[in-house]
1. Leaving out ligands, DNA and RNA, and with a 1.4 Å probe, what % of the accessible surface on the chain is carbon or sulfur?
2. Counting Lys and Arg as +1 and Asp and Glu as -1, each charge on the Cβ, what is the dipole of the chain about the Cα centre in debye, to the nearest 20?
3. Could you report the stretch 1-120's accessible area per residue, 1.4 Å probe, as an integer in Å²?
4. Quick check on the chain: of the DSSP beta bridges with both residues there, what percent are antiparallel, nearest 5%?
5. Between residue 213 and residue 164, what is 0.36 nm times their sequence separation minus the Cα-Cα distance? Round to one decimal in nm.
6. Once you have a ≥ b ≥ c as the square roots of the Cα gyration tensor eigenvalues for the stretch 186-234, tell me rounded if a/c is under 1.5, and otherwise prolate or oblate according to whether a/b is larger than b/c.
7. Each label point is 7 Å from the Cα along the Cα-to-Cβ direction; what then is the distance between the points at residue 122 and residue 66, in nm?
8. Under a plain spin-label model, where a point goes 7 Å from the Cα along Cα-to-Cβ, how far apart in nm are residue 193 and residue 22?
Amino acid sequence: MTAVRNIVILTGAGISAESGLATFRGPDGLWEGHRVEDVCTPEAFARDPALVQAFYDARRAALAGVVPNPAHVALARLDREWPGKLLIVTQNVDDLHERAGATRLLHMHGELCSALCLACDARSRWAGDLGDGPACPACGVAGALRPDIVWFGEMPYGMERIEAALAQADLFVSIGTSGAVYPAAGFVQVAAACGARTLELNLERSAGSDLFDETCIGPAGVLVPGWVDEVLAA
Ligand code: APR
């Protein structure tokens with residue numbers, strides 16, 4: 001087996017579940033009570049910006065009360081100690097990877113704690129209730145800020161960087177994602193086609209499990225620290 005030098009990790013809502021954040025498609029799923037079309041599309045925002053802002057304000061409020069779990073902490077340790085290339089691609093919009101200390105990180109679906117200006121495309125730290133139309137710090141236009149979240153129908157962030165990392169990966173690891181949403185759900189096939197070994201760590205088998213060389217079933221807070229110990233000791 002080739003020595004592992006370059007690793008790409010994909011994380012989903014499951015890695016934050018043990019921190020207390022709801023996943024999307026579980027029994028207590030985030031979409032429960034909200035139709036996706038009503039809150040997570042550009043059309044929904046144009047139709048009812050206050051409802052969409054309220055949905056994200058509630059998710060930010062939930063974020064204030066949680067902390068990174070051992071899975072986030074273990075990935076941050078890997079980030080600090082791994083001598084080769086590493087990219088943690090997260091579908092999550094929470095900031096738990098950062099708060100655990102990860103730096104080689106890419107939010108492909110945007111970030112709850114960031115606002116995007118519709119007038120000048122600048123991103124800024126989310127500051128207070130966007131609903132009352134604060135001005136964009138970059139261009140000064142008031143009422144032009146939207147959640148910096150990639151909605152259904154919009155292009156994910158960082159795809160060129162992700163594709164370049166997958167092309168060089170020796171190892172692709174998927175953690176806590178259902179494999180329900182593309183393009184993330186297809187990353188395992190891209191990595192495998194470029195010769196990477198593929199590993200899935202998840203609470204249950206996912207839609208993509210058959211595509212992985214190996215699937216380990218269990219909570220991320222238990223599986224990820226053990227896996228990081230193994231890969232750093234190899
Ligand atoms: N440890 C590991 N895996 C877990 C845990 C846990 N403690 N708890 C749940 N899981 C798994 C579930 O079994 C499921 O396979 O995490 C996965 C979560 O799946 P989803 O809720 O579909 O979340 P995700 O895969 O991140 O969704 C992808 O869909 O709605 C869009 O943009 C949204 O980024 C999101 C994307």
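1. The nonpolar share, carbon plus sulfur, comes to 56 percent.
2. Details: 17 positive and 29 negative charges, 90 e Å.
Charge dipole of the chain: 440 debye, to the nearest 20.
3. On the way: 5160 Å² over 120 residues.
Normalised by residue count, the accessible surface of the stretch 1-120 is 43 Å².
4. Details: 8 of 30 bridges.
The antiparallel fraction comes to roughly 25 percent.
5. Values: separation 49, 0.36 × 49 = 17.64 nm, distance 2.12 nm.
Full-extension gain reported as 15.5 nm.
6. The shape class here is oblate.
7. 3.1 nm
8. According to this spin-label approximation, the distance is 3.6 nm.
The values are calculated or read from the model by the stated rules, or taken from the named source; none is laboratory data. Every value quoted in this text rests on a predicted model; they were computed, and no experiment measured them. Ideal geometry is used to build each Cβ from the backbone, glycine not excepted, and the neighbour counts take in all protein chains shown. Surface areas here come from the heavy atoms of the whole protein model, side chains and all, with no ligands, DNA or RNA. Shrake-Rupley method; radii C 1.70, N 1.55, O 1.52, S 1.80 Å.
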